[in-house]
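Each remark here refers to the structure printed beneath this line.
The values are calculated or read from the model by the stated rules, or taken from the named source; none is laboratory data. What you are looking at is a predicted structure, and each value in this text was computed from that prediction instead of being measured. Please note: Cβ atoms are built from the backbone with ideal geometry, for glycine as well, and neighbour counts cover all protein chains shown.
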Amino acid sequence: MNTVPGVVLVYQISTSSFPSSKRQRRMKWWRSWLHAATVLLLSATGVKVEHLQAENLHLLPPNDQSKVLNSEMKVLPRDCYEMLMASSGQARDGVYLIQPHDSPIVAFCAMQEGGWTVVQHITVNSSVNFDRTWNEYKNGFGDVNGDHWLGNERLHQLTRGPARYKLGVKLVDQDAVTKMGEYDPFLVEGESTAYRLRLGLFQGTAVDALTLDTENYLHDNQKFTTKDRDNDNYFQNCAKLEFQGVAGGGWWYDACAGANLNRRNVIYWQKDCNKERLCKYAWMMVKPSDTVKVIYSGDSKKDEL
């Protein structure tokens, strides 16, 4: 049992007079009571005894769970940007607990870039397999410190409001040239719609590969497709189609793709990233939108999106 300097726990349980079955039940009850009392006492003395609680703890290796940067916070931020604001801009890059819905989750926060919540990261020829099932894409996989998919349900929880969110895409090619793009607003609908993608206006140095119909593929308004759930507009399942022996992975396919950041052998983003112009890394990140206009009308004023 854990001990605390200056705190002595003394207990004695006499069970000899109980029948065997009753004795076992009584001992079980005492052990439960004693554990609860010990936790309460240690907490009161400032000793941290609780385990890290997160709905997606499978995305963080056990050896890294002690490195969560805000594990002591009592009231968790909704996203990484709120965490950055709570720290007066001093928070550093790393893994944080956030709470976009009912339960906490772990996520990597790109604080130096402005408080983005990373929802996807991939390295070309990654050791992480992105050829996953519907439930794996729903709940997330990989390692939030490296290559991973945070999960479609997390994307829905983050972007459904009350704040309006935008999507950031970051691409780095083999020559270390970085291109960025933003879609504002950005929304992933719930599972009942197959996590349908909703995108707003695009700006950035990368090409618009999700809403601009340069290759007759429109990913905006598409449902999510995985190898075991075909929601695309092609006669075959786009997530199963292979290139050099590697399947496409889950994505918001049309028929099939003008962009796909979940194929681990070739990161595809139209003319910016493809099999001729190789990219080494890609990120998808979300952040509250800053496109809010304040309109003044006489003595009254209102915010309009």
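LEU218 passes every criterion in (1) more than 21 Å from the chain's Cα centre (by Cα); (2) surrounded by 15 or more Cβ atoms within 10 Å (Cβ to Cβ); (3) modelled with pLDDT of 95 or more; (4) over 20 Å from LYS275 (Cα atoms) apart from (3). The number of residues in the stretch 182-224 being assigned to a helix (DSSP H, G or I) and in contact (Cβ under 8 Å) with a residue 12 or more places away in the chain comes to 2.
Would you be able to say whether some residue in the stretch 283-300 is among the acidic types (Asp, Glu) and either modelled with pLDDT of 90 or more or touching a Ser or Thr at 6+ places or on another chain (Cβ under 7 Å) (or both)? The answer is no; no qualifying residue exists. If we keep just the residues of the stretch 128-174 that are within 24 Å of GLN112 (Cβ to Cβ) and polar (S, T, N, Q), which is farthest from the chain's Cα centre (by Cα)? Ranking the qualifying residues of the stretch 128-174, first place goes to GLN174.
Every condition in (1) surrounded by fewer than 22 Cβ atoms within 10 Å (Cβ to Cβ); (2) over 12 Å from VAL286 (Cα atoms) holds for ALA163 except the one numbered (2).
With the requirement that a residue be buried (at least 21 other Cβ atoms within 10 Å of the Cβ) and not β-branched (Val, Ile, Thr), what does the stretch 121-137 give you?
Initial filter on the stretch 121-137 (buried (at least 21 other Cβ atoms within 10 Å of the Cβ)): 121-122, 130, 132, 137.
Once the filter is applied, which keeps residues that are buried (at least 21 other Cβ atoms within 10 Å of the Cβ) and not β-branched (Val, Ile, Thr), the stretch 121-137 yields HIS121, PHE130, ARG132, TYR137.
Let's see how each residue does on (1) under 23 Å from ASN260 (Cβ atoms); (2) charged (D, E, K, R):
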residue	(1), (2)
SER87	no, no
THR117	yes, no
ASN129	yes, no
LYS138	yes, yes
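Selection of first residues in the stretch 243-255 that are among the polar types (S, T, N, Q) and of second residues that are surrounded by fewer than 21 Cβ atoms within 10 Å (Cβ to Cβ) and part of a loop (DSSP other than H, G, I, E, B), restricted to Cβ pairs under 7 Å at least 6 apart or on distinct chains, gives the following pairs, ordered by first then second residue: GLN244/ASN265. Of all residues in the stretch 231-256, those being within 23 Å of the chain's Cα centre (by Cα) and assigned to a loop (DSSP other than H, G, I, E, B) number 6. Note on the stretch 154-176: residues that are assigned to a strand (DSSP E or B) and not aromatic (Phe, Trp, Tyr) total 8. Taking the criterion of being of a type in the set (S, T, N, Q) and assigned to a strand (DSSP E or B), would at least one residue in the stretch 140-153 satisfy it? Taking every residue of the stretch 140-153 in turn, none turns out to be of a type in the set (S, T, N, Q) and assigned to a strand (DSSP E or B).
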